[in-house]
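S.K.: One structure, pasted below without further comment.
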Amino acid sequence: MDTLIENLSSIFEEQIDLHRSLIIVLNNEKASIIGSQLSALNKVNKEKETLILKMNRLEDKRSDLVSTLAHSLNAGCNHPTLKELCMLTNEPYSSRLAICRGKLKSLISKIKELNEGNKKLLFSSIEFVRGSLTRFNNLMTSRTNSVYYPSGKIEKRNLGGRVLSGDI
């Protein structure tokens, strides 16, 4: 049983490392969004996908190990929570698992916060683009044919123009 708990602790420590890496990637994502750097954003998305795949594989291992450990400890269920595992195990393992639990909770909270912030930044960017397109569309379809002059003012003009060439 000690081996099972050791292996589980190792998995939790790997998960902690992956979550820390994800926080770094999410901070890079934030910088890419703010800087409007599409190529950097694409790179960050690939890094996130890679991390998530690693996390999923590790989560499968953790789930199998917890199930085996729960059976060995005669726990009431096949998938006890980390908090329940802390109560079911003896020292020094219960303390070690409790430390892992605290770190994971903190990291997950930070990840949720960063994701929410990045989501808001992306929605703001989308709204900005929509607003710009609407303004551009209004300028192009207005009957007054308003245009910007070098003075920076919008003035009416009787001439029409094209935005895109009709030749392809």
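The values are calculated or read from the model by the stated rules, or taken from the named source; none is laboratory data. A quick note: this is a predicted structure, and the numbers were derived from the prediction, not measured. The accessibility values were calculated without ligands, DNA or RNA, using every heavy atom of the protein model including side chains. Shrake-Rupley method; radii C 1.70, N 1.55, O 1.52, S 1.80 Å.
S.K.: Quick check: the distance between the Cα centres of the range 94-139 and the range 8-45, to the nearest angstrom?
M.R.: Between the Cα centre of the range 94-139 and that of the range 8-45, the gap is 12 Å.
S.K.: Of the accessible area of the range 1-82, with the probe set at 1.4 angstrom, what percent is carbon plus sulfur?
M.R.: Carbon with sulfur: 50 percent of the solvent-accessible area.
S.K.: Quick check for you: with a 1.4 Å probe and neighbouring chains kept, what is the accessible area per residue of the range 1-149, in Å²?
M.R.: 66
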